[in-house]
Amino acid sequence: MTPTTAVPPEVSEYLAAVRAALDDLPSTERDDLLAEVEPSLLDAASETGGNVSARLGPAEDFAAELRSAAGLQVPLRRTGPEPRLLVAARRLARDPRVQELRRLAPIWWVARAYLLVAAIALAAGASWSLRYFFVPHLGTAWLGLLAIAAAAALSIWLGLRTPRAAHLVVGANLVLLGLAIPVLSHFRHRQLPVQVVTEPIYQPTQGLTLDGVPVTNIYPFSRQRRLLHDVLLYTGSGAPLDVPGAAIDPQRRVLRTTSGKQVLNAYPIRYFDPGTGQVAHPGAAPKVQIPRIATPPLPLAK
Amino acid sequence: MDVSQLLRGTLDAAALAVVAEQDGYGYDILRRLRAAGLAEVGDASVYGTLRRLYRAGALTSYVMPSDEGPHRRYYGITERGRAQLEEARAVWAGFSRALTTLLETNVEVTP
C-alpha cells in the first residue's frame, strides 16, 4: 500500500475550523490537541467515508468537547450565544476592505509602544522635553527617546509573531488604546513652557534714578564752582522734585515755609548731627571736577 | 439521564482500561471503547481525555509510522496510570454495587 498522506479537503476544512475555535489556547497546547485529532479524523474518514461534520457535528462543538475533555479552560463566549456586537465585529474583521487595513498594523505597533512609554512617564510624573514636546524625560530626553525606540522595536517584533485574533492580544491592544486618553489629555492640557527671560526687567523705582540707581541727593554748583545751598528744584510741569525716601529720615534738615509747610525739593539735602539740630559740615560735597565754563552767562533781566 | 452524562465522570477509567489492555492510537482507542459497549462516547471526548491523561502522567506516548496516512501517536499506560485505574476500579465497584442495590429495590416513585 502506498502512503496516502493527502488530507481530503473536507477534513482539512474541519480541522481548520477546530483550530480556529481553539485559537485562544497556547500554540503548543493547541498543536498537541490537533496532532491527536488529525490522524484520528483521517482514520475515521477513510474508514467510514461520508461527511465529517455530519458524523462529528459542528466543528465548534467538537472543539468545545475536546477542550472540556482535555481539562482546558472553556472561554466564556462558549457558554451562551455570542453578543450581536461581537458577531458584527467578527464579520467586519473578515471584510476584505478591513483586511486591507491590516497592512497598516505596523503603524499601530509603533503607536502602542509610544503610548505605553508615555503613559508610564505620566504615571511616574516625569517632565517632558521642551524642544520635542512628545518626548518624556526619563532621566534625560535622550533616554526617553531611547525607551520609545526600544518599545517600538519590541512591539513590532511581538506584532509579527503573535496571532492577531488571540483574545489576549486583542485585550492588550484595547488597554493600550485606552492609554491614548490620558496621554492625549496630557498634551491637550499641558502648559506651554514659559520662556525664561534672563535680561533685566525694567521696574520703575520710586523717586529719582540715574542709570537705574536711586539718586538720594543733588549737589548744585554755580559756574564759579561754588556749592549752592537750599536750591529748590522743579520738574518741567512745575512739580517739586522730591526724593521721597529721604523725607522720613528724622535727622534730615527739612526746610519749611513761613506757614510751617515742609519743602522737600531743596538741595543738597542736609542731615543734622544726631541730637544737635546742627549740620556739622554744611559745605560737604562729593569730590567733583567742575569744568571751567567758556560760554558767557545768559543775559538776565535785572 | 443518558449514557453520555454517565460517561462524563467515568471516561478516564474506561480509557485507562482500554490502554492497559493494549497500547493504541486515538481512533483505535475510540473504536475499542465503542466496541466494548460505549457506543455514545464522543470522538472529541476521547481525544481530549487521552491528552489530559498523558499530561497528567497516566499515559505515555510514542509515534509510529503508518502506511496509510500520517504518523500515529500511540498511548501506553504508565505506573501512575495503573494506580489510577486500580483506584477507579475500587471506587466504581463500590459505587455500582450501591446504585444497583438502590435501583433494583422496588421503590414507588411518586412524581
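None of the figures in this text is laboratory data; all of them are computed from the coordinates on show. Treat the numbers as computed from the prediction; the structure is a model and nothing was measured. We place every Cβ from the backbone using ideal geometry, glycine too, and count neighbours over all the protein chains shown.
Apply the a/c threshold of 1.5 to the C-alpha gyration tensor of the protein assembly as shown and tell me whether it is rounded, prolate or oblate. Prolate is the answer for the protein assembly as shown, as a/c is 1.5 or above and a/b outweighs b/c.
Rounded to the nearest 10 degrees, the inclination of helix A:9-21 to the longest alpha-carbon principal axis of chain A is 40 degrees.
Where does chain B land on the Kirkwood hydrodynamic radius, alpha-carbon pairs, in angstrom?
On the way: mean 1/r = 0.0651 Å⁻¹.
Kirkwood radius, chain B: 15.4 Å.
Label sites at A:A280 and B:A13, each approximated as a point 7 angstrom past Cα along Cα to Cβ, lie 12.2 nm apart.
Amide H to amide H, with H built 1.01 Å from N, A:W128 comes under 5 Å of A:H137, counting only residues 5 or more places away or on other chains. With the charge dipole of the protein assembly as shown set up from +1 on Lys and Arg Cβ and -1 on Asp and Glu Cβ about the Cα centre, the Cα lying farthest toward the positive end among the listed residues A:P291, A:Y271, A:A152 is that of A:P291. The distance from the alpha carbon centre of region B:48-75 to that of region A:13-36 is 16 Å, rounded to a whole number. If r is the Cβ-Cβ distance from A:Q73 to A:F187 and R0 is 45 Å, what FRET efficiency results, to the nearest 0.05? In this case the efficiency is close to 0.65.
So, R0 is 41 Å and r is the distance between the beta-carbons of A:V288 and A:Q262; what FRET efficiency does that work out to, to 0.05? Walk me through the intermediate numbers first.
Working: r = 28 Å, r/R0 = 0.69.
Computed FRET efficiency for A:V288 and A:Q262: 0.90.
The magnitude of the dipole of the protein assembly as shown, with charges of +1 and -1 set on the Cβ of Lys/Arg and Asp/Glu and taken from the Cα centre, is near 4140 debye. Between A:A54 and A:R252, residue separation times 0.36 nm minus the direct Cα-Cα distance comes to 59.5 nm.
For A:V231, the residues 5 or more places off, or on other chains, whose built amide H falls under 5 Å of its own are A:Y267.
How far is helix A:167-178 tilted off the main Cα axis of chain A, in degrees rounded to 10, range 0 to 90? Once rounded, the angle reads 20 degrees. Between the Cα long axis of helix A:105-123 and the first principal axis of chain A there is an angle of about 50°, rounded to the nearest 10.
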